[in-house]
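Asks: Okay, handing you the structure first.
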Amino acid sequence: MHRRGVGAGAIAKKKLAEAKYKERGTVLAEDQLAQMSKQLDMFKSNLEEFASKHKQEIRKNPEFRVQFQDMCATIGVDPLASGKGFWSEMLGVGDFYYELGVQIIEVCLALKHRNGGLITLEELHQQVLKGRGKFAQDVSQDDLIRAIKKLKALGTGFGIIPVGGTYLIQSVPAELNMDHTVVLQLAEKNGYVTVSDIKASLKWETERARQVLEHLLKEGLAWLDLQAPGEARYWLPALFTDLYSQEITAEEAREALP
Amino acid sequence: MDRFLWTSGLLEINETLVIQQRGIKFDAGTLLLSTHRLIWRDQKNHECCMAIPLSQIVFIEEQAAGIGKSAKIVVHLHPAPPNKEPGPFQSSKNSYIKLSFKEHGQIEFYRRLSEEMTQRRWENMPVSQSLQTNRGPQPGRIRAVGIVGIERKLEEKRKETDKNISEAFEDLSKLMVKAKEMVELSKSIANKIKDKQGDITEDETIRFKSYLLSMGIANPVTRETCGSGTQYHMQLAKQLAGMLQVPLEERGGIMSLTEVYCLVNRARGMELLSPEDLVNACKMLEALKLPLRLRVFDSGVMVIELQSHKEEEMVASALETVSEKGSLTSEEFAKLVGMSVLLAKERLLLAEKMGHLCRDDSVEGLRFYPNLFMTQS
């Protein structure tokens, strides 16, 4: 580490350098740094003013949160990067999402034994809402997705897999490649998938289909049902509640299935 | 009202606890939205079930939650048509109902209900039984005077709310313009630091990084948001070392970063750490000579371990345990030793990497055996 030179000689040298730079029209980095420091202070007070008027809006309005996040992303700012950031400190967005992160982790851990670490966004949403209790602030699915994206930094395999219009949230570091996710998407319709389903929809060979299904079995994401009529079915517990949380009667169940 | 059959499937489920139907509460039920109707079923008595066709709905609005009050959706209805089938009430003076969401879910439900109201799918898909509908030449535009007045008031209120939001958006946009200037400036500075134009001291570099941290701007040089190595992260690292000593000892000297994140944030209660804050602080542990360190396994899993914890030594005892039992899966091993499955797996994998264990990878799962190829020639 070297200190900027002191003494007459150093001053002269500096003056020379400044002159040279000024000739070329460039600004010295340390001058810009000073400028940034001033602008930062100004920005901080602008943000404080904004917060005093609109902090509630962010707290209560998920649409506004989405807009806010999108705007930040467009200009290259991440309001959730640090709890020490201005955004977090003054608008309170940080605590909201970081706490949500903790709740998401806890729900995934609690249900892992059942679904192997894969859960639909819907079910995660319901469970998180339940856990938060009646007096907590409501959260939207978009809020969950943003919190999960941040959790990826912790290195333990949080992933977001798009399936049929919604998302599956992966919370264990199981390796899922394109083949696996495509089969998951196929299974979303009925909660299960068979080798024939895969061959018919995806036009794969038997071996490829079987390998993918075996991998899902191994990772605990799929359950094998050998008692199904016809051929063996591979059920995805993660997708169960989508179908069965509706508490439909036997009559409706008969009519709903194809 | 009795149950009707419908032809299209259920759309969504949400939990509601109370419907205030015409002044009298029905408690604790589930609200279902289908493409044709809004259905309420009592949670205790599944036989008790009411439905309102979506075509009867004029307008819906949200009522935010308040102190002691849950969030509500107010549903404004047409007057009952003369051929309506029997229901819980023969007549009522109110033309709206309030759905009270005691267990949240109001945002999603409102969104879905609005979608259905816009799409009006019930008009395209006829229902098999004689479901009473309000089909006239124009779907349900015959109103009583009272409703018109209510609608107008609601429209005004909605405009007012919209105005508040648009003001907020305007202010936000102005703010973003200023923020963007800062981003540009920081890029310029970072380039200069890289090219060494001017005379930047190390102190100033550190100051610069803390500016980036405050604004949430990614460090253009290292690409890490907020960059590691700011004062804040150093302080944080020291705090963590103090906070995690005991929990680590209780857990056998090692914890996954997710566990640490939950533990630390639950303890703080307020001013929580972001995941990136935690990672950046942990990266500094070793450099600051603190008694903990961050370790990244091959799989990408990140853990914090005590300096005194030697994972390699733990491998030796893991080998003993596996040998005793003949073979073990990660789950079995985790249960025996009393650690999380994630870390158990990592330990077994490390043992395998060191040549002490062999794997048996099958459909039944991943099982580890002592590596007899090594020990028995």
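The values are calculated or read from the model by the stated rules, or taken from the named source; none is laboratory data. This structure is a prediction, so every number in the text was calculated from the model and none was measured. Reconstructed Cβ throughout: ideal geometry from the backbone, glycine too, with neighbour counts over all protein chains shown. Note: accessible area is taken over every heavy atom of the protein model, side chains too, but ligands, DNA and RNA are not part of it. Shrake-Rupley method; radii C 1.70, N 1.55, O 1.52, S 1.80 Å.
Asks: Skipping prolines and chain starts, which residues have an amide H placed within reach, meaning under 5 Å, of the one on residue B:286, given they are 5 or more residues away or on another chain?
Replies: B:294
Asks: Over region B:311-374, what relative contact order in percent results from Cα pairs under 8 Å that are six or more residues apart? Please report the intermediate quantities before stating the final value.
Replies: Working: 76 pairs, mean separation 23.8, N = 64.
Relative contact order for region B:311-374 comes out at 37 percent.
Asks: Also: Relative to the present Cα-Cα distance, how much length would full extension add between residue B:118 and residue B:231 at 0.36 nm per residue of separation? All intermediate terms of the calculation are to be shown ahead of the outcome.
Replies: Working: separation 113, 0.36 × 113 = 40.68 nm, distance 5.31 nm.
Going from the current span to full extension adds 35.4 nm.
Asks: Just to confirm, what accessible area per residue do you get for region A:97-256 at 1.4 Å probe, in whole Å²? Walk me through the intermediate numbers first.
Replies: Numbers: 7370 Å² over 160 residues.
About 46 Å² of surface per residue is accessible.
Asks: Now, a different point. How long is the gain from residue A:189 to residue A:142 if the chain were fully straight, where each residue apart is worth 0.36 nm and the alpha carbon distance is subtracted? Could the numbers behind the result be given before it?
Replies: Numbers: separation 47, 0.36 × 47 = 16.92 nm, distance 2.28 nm.
Extra length available between residue A:189 and residue A:142 comes to 14.6 nm.
Asks: Let me ask something else about it. Using a cut-off of 26 Å between alpha-carbon atoms, which lysines can reach residue A:199, once sequence neighbours fewer than 8 places away in the same chain are excluded?
Replies: Hits, sequence-local ones excluded: A:189, A:218.
Asks: List the residues, sorted by chain then number, that are 5 or more residues from residue B:38 or on another chain and whose placed amide H is less than 5 Å from its amide H.
Replies: Residues meeting the amide H criterion: B:52, B:54.
Asks: Could you derive backbone 3J(HN,Hα) for region A:189-203 from the dihedral phi with the Karplus parameters 6.51, -1.76 and 1.60 (θ = phi - 60°), listing whole Hz in sequence and x where the residue is Gly or Pro?
Replies: After applying 6.51 cos²θ - 1.76 cosθ + 1.60, I find 4, 10, x, 9, 8, 10, 4, 4, 3, 5, 5, 5, 7, 9, 6 Hz.
Asks: Hey, another quick one. I'd like the carbon and sulfur percentage of the solvent accessible area for region B:311-374, probe radius 1.4 Å, heavy atoms only, ligands and nucleic acids excluded.
Replies: Details: 1940 of 3500 Å².
In region B:311-374, the share of accessible area belonging to carbon and sulfur is 56 percent.
Asks: Rounded to the nearest 0.05, what FRET efficiency is calculated for residue A:205 and residue A:106 with R0 set to 30 Å and r the Cβ-Cβ distance?
Replies: Details: r = 42 Å, r/R0 = 1.38.
Taking R0 as 30 Å, the efficiency between residue A:205 and residue A:106 is 0.10.
Asks: Taking springs between alpha-carbon atoms closer than 10 angstrom, which of A:134, A:55, A:84 fluctuates most in the Gaussian network model of chain A?
Replies: Evaluated over chain A, the most mobile residue of the options is A:134.
Asks: Taking 21 Å as the cut-off for C-alpha to C-alpha distance, list the pairs among B:283/B:310; A:55/B:178; B:72/B:159; A:53/B:159; A:152/B:238; B:72/B:157 that go past it.
Replies: On the way: B:283/B:310 19 Å; A:55/B:178 19 Å; B:72/B:159 19 Å; A:53/B:159 19 Å; A:152/B:238 24 Å; B:72/B:157 16 Å.
Over 21 Å Cα-Cα: A:152/B:238.
Asks: With a cut-off of at most 12 other beta carbons within 10 Å, and DSSP calling the residue loop, which trypsin sites (Lys or Arg not before Pro) in region A:159-238 qualify? Please list them.
Replies: A:203
Asks: Also, quick follow-up: Tabulate in residue order the Karplus-calculated ³J(HN,Hα) for region B:262-270, using 6.51 cos²θ - 1.76 cosθ + 1.60 with θ = phi - 60°, rounded to whole Hz; enter x for Gly and Pro.
Replies: Using θ = phi - 60°, the values come out as 5, 4, 5, 5, 5, 5, 5, x, 9 Hz.
Asks: Still on this structure, please answer the following. On full extension of the chain, what length is gained from residue B:310 through residue B:191, given 0.36 nm per residue of separation minus the C-alpha to C-alpha distance? Don't skip to the end; give the middle numbers.
Replies: Numbers: separation 119, 0.36 × 119 = 42.84 nm, distance 4.22 nm.
Result: 38.6 nm gained on full extension.
Asks: Which longest run of chain A has no exposed loop site in it, a site being GluC sites (Glu not before Pro) in a DSSP loop with at most 15 other beta carbons within 10 Å, and the site itself not part of the run? Walk me through the intermediate numbers first.
Replies: Working: sites that count: A:175, A:205, A:231, A:247.
In short, A:1-174.
Asks: Now a separate question. For the charge dipole of region B:230-306, defined by +1 on Lys and Arg C-beta atoms and -1 on Asp and Glu C-beta atoms about the Cα centroid, which residue among B:282, B:294, B:239 has the Cα displaced farthest towards the positive pole?
Replies: Going by the Cα projections, it comes out as B:239.
Asks: Which whole-Hz ³J(HN,Hα) couplings does region A:102-107 yield from phi under the Karplus relation 6.51 cos²θ - 1.76 cosθ + 1.60, θ = phi - 60°, glycine and proline marked x?
Replies: 4, 5, 5, 4, 5, 5
Asks: Ok, one more. Going by a ≥ b ≥ c, the root eigenvalues of the Cα gyration tensor, does region B:311-374 fall in the rounded group (a/c under 1.5), the prolate group (a/b larger than b/c) or the oblate group? List each step's numbers first, then the result.
Replies: Working: a/c = 1.42, a/b = 1.04, b/c = 1.36.
Rounded.
Asks: Under 5 Å between amide H atoms, partner at least 5 residues away or on a different chain: which partners does residue A:120 have, H built in plane at 1.01 Å?
Replies: Under 5 Å from the amide H of residue A:120 lie the amide H atoms of A:169, each far enough along the sequence or on another chain.
Asks: Give the calculated FRET efficiency between residue B:263 and residue B:364 to the nearest 0.05, with a Förster radius of 30 Å applied to their Cβ-Cβ distance.
Replies: Working: r = 34 Å, r/R0 = 1.13.
Efficiency at R0 = 30 Å is approximately 0.30.
Asks: Additional query: When DSSP assigns beta bridges and you keep just the ones with both residues in region B:230-306, what percent turn out antiparallel, to the nearest 5? Kindly include the intermediate steps, with their values, before the conclusion.
Replies: Working: 8 of 8 bridges.
Beta bridges within region B:230-306, antiparallel portion: roughly 100 percent.
Asks: Given labels modelled 7 Å from the Cα in the Cβ direction, how far is it in nm from residue A:37 to residue B:288?
Replies: So the label points at residue A:37 and residue B:288 sit 2.4 nm apart.
Asks: Could I ask something else about it? Given the rule -39500 (n - 2.57) for each run of at least 4 DSSP H residues, summed and divided by the residues of chain A, what is its mean residue ellipticity at 222 nm, to the nearest 500 deg cm²/dmol? Before the final figure, lay out each step's value.
Replies: Values: 11 runs with 155 residues, N = 258.
My calculation for chain A gives -19500 deg cm²/dmol from helical runs alone.
Asks: Between residue A:46 and residue B:245, what is the FRET efficiency for a Förster distance of 41 Å, r being their Cβ-Cβ separation, to the nearest 0.05? Walk me through the numbers on the way to the answer.
Replies: Values: r = 42 Å, r/R0 = 1.02.
It comes out at approximately 0.45.
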